[in-house]
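Readers should treat all values here as calculations from the given coordinates under stated rules, not as data from a laboratory. Just so it is clear, the model here is predicted, and its values are computed rather than measured. Heads up, the Cβs are rebuilt from the backbone with ideal geometry, glycines too, and the neighbour counts pull from every protein chain shown.
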Amino acid sequence: MDLIKDFFLEANPNPERIGCPEERTLRALAEDRLPASHPARLHLASCSECFAEFRGFRGDWEYSRKVRRRIIGRAAVAASLILASGVGGWEYQRQRAEHDAAVQVAKSSVPVDAQVDLFNAGTLRGGDDGTNELQQVSLPASIVHLSVTLPRFSQSGRYEVLVSRDKAGSQVVANGFGDAEENSGKVGVKVTLDLRSAQSGAYFLATVRDADNGMYYYPLRIK
Amino acid sequence: MGTMGQTLLHLVDQRGQTLPATIRVAVEAAHRWVRREYPHLDDAVVAEWAEDVGRAMGAHPDDIRSPHRYAFAALHGKVREWFRRNASKEISVGIGSELERWVDIDLSAPRVMHQVVLFDQLKTKLSERDRHILVLLLQDQTSPASVAAALGLSYAAAAKAIQRVKERIAAILMGEPIAEPDQMSPHLCESES
């Protein structure tokens, strides 16, 4: 094609510039801003001067495009790096938050021993509006190995211990079963309660003896 | 001062004053074009031509209606003149590196003759429409659709016309009695200096 290019550069001298389009038209041709059907395109076949100018504009345009593409490419790489670092930072924060949450869960998954002494507490059967005098009944929101000393005169046997939002025991948060045994004149029962899902606040701790199905409840606070 | 690659142009008028920006821009554009179009020409020689053109333009800036056109025409003229002058030049050289330095110039004579004959053939054997198609191809309007739009042809006719132009060009080149200069062994006429 170089030979043909030389042909058009040399073989059609038009020093008087007869019928030549304006410079801006040649520039627009070179920059592909004019349609294929523009008559100036065919003029280049009969005017070496215009063809030379066209080639000059074309070369400069192609060079500037190349430079622009290079700049855009570098900007894209830089933007990608910024985006990647941003995503990386966000991902790091997210993983860190997840890790913290996991640590929190792991911490709350570690069973905690707790004791509740109801020996001297007054007891009321479910449905009573009164509250029992109970001190230090405060449990953490985790898995609790709870050792309950049942009220005076309680009998041994199988018990269910449950934590509920209401006195009726219809909104149970956790429950556990254990066999109550007498020891040194006091009857105690050991159960495991999973209180991890419980929000901190006021609850009721209830004991239910299988034999008579009687429920006794006591105010409780979960921290 | 203008730049093209590593070549700096010292664009001043005859009194050593910096040329107007329009002239500088025009000369630099023409210089870049010659560097691209004729890469085998000596950079320093082309730069000297460009500076000469700039100096000449600086002598009568008000008479130049289009600095860009003037610069292109003037510099292109210098290139043509150089090819013409060197095509007929006989040089007496020694052997070795000095000889090799002149090889390109010695080869330019058959190259120019070859081009003259070939260009004559292209002019006579190619129709105006063929030349239009060729110049469209050189503008990167290579699809039959573009050629069809430019020449007012149907797509099929444009596709066929492009194919025929290529065949004609090939026939002209194949039938060319003068071999390509690059394929010739340089039988240099040498005389001891």
In the structure shown, do any of A:Lys66/B:Lys160; A:Lys5/B:Lys125; A:Lys66/B:Lys78; A:Lys5/B:Lys160; B:Lys78/B:Lys166 have a Cα-Cα gap over 24 Å, and if so which?
-> A:Lys66/B:Lys160; A:Lys66/B:Lys78; B:Lys78/B:Lys166
Report the equivalent ellipsoid semi-axes for segment A:112-222 in whole Å, largest first, defined as the square roots of five times the eigenvalues of the gyration tensor built from alpha carbon atoms.
-> 19, 16, 13
Sites A:Glu182 and A:Ser109, calculated FRET efficiency, Cβ-Cβ separation with R0 25 Å, nearest 0.05 = 0.15
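Output the direction-averaged projected area (hull surface divided by four) of the convex hull of the alpha-carbon atoms of segment B:115-183, in nm².
Taking the Cα atoms of segment B:115-183, their convex hull projects to 4.9 nm² on average.
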Charge tally for neighbours of B:Ala158 with beta carbon under 11 Å away, counting Lys, Arg as +1 and Asp, Glu as -1, is +3
Label-point separation, B:Arg84 to A:Ala79 (7 Å along Cα→Cβ), nm = 5.4
Return, ordered by residue number, the residues of segment B:68-82 whose backbone nitrogen is under 18 Å from a label point located 7 Å along Cα→Cβ of B:His60.
-> B:68-75, B:77-78
Amide H neighbours of A:Asn14 under 5 Å, counting only residues 5+ apart in sequence or on other chains, H built in-plane at 1.01 Å?
-> A:Ser48, A:Glu49
Distance in nm between B:Ser127 and B:Met174 label points, each 7 Å along Cα→Cβ, equals 2.1
Work out, step by step, the length gained on full extension between A:Asp100 and A:Tyr63: first 0.36 nm times the residue separation, then minus their alpha carbon distance; give nm to one decimal.
-> 7.9 nm
With all pairs of different alpha carbon atoms counted, what Kirkwood hydrodynamic radius in Å does chain A show?
-> 25.2
Over chain A, the sum of -39500 (n - 2.57) across DSSP H runs of at least four, divided by residue number and rounded to 500 deg cm²/dmol, gives at 222 nm -13000 deg cm²/dmol
Collect residues whose amide H, placed 1.01 Å from N in the peptide plane, falls under 5 Å from the amide H of A:Arg158; neighbours closer than 5 in sequence don't count.
-> A:Ala180, A:Asp210, A:Ala211
Between the modelled labels at B:Asp43 and B:Ala145 (7 Å from Cα along Cα→Cβ) the distance in nm is 4.2
Fully extended contour minus Cα-Cα distance, from A:Ile72 to A:Gln199, at 0.36 nm per residue = 40.3 nm
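Averaged across orientations, what area in nm² does the convex hull of the alpha carbons in segment B:2-87 project?
Mean projected area for segment B:2-87: 5.3 nm², to one decimal.
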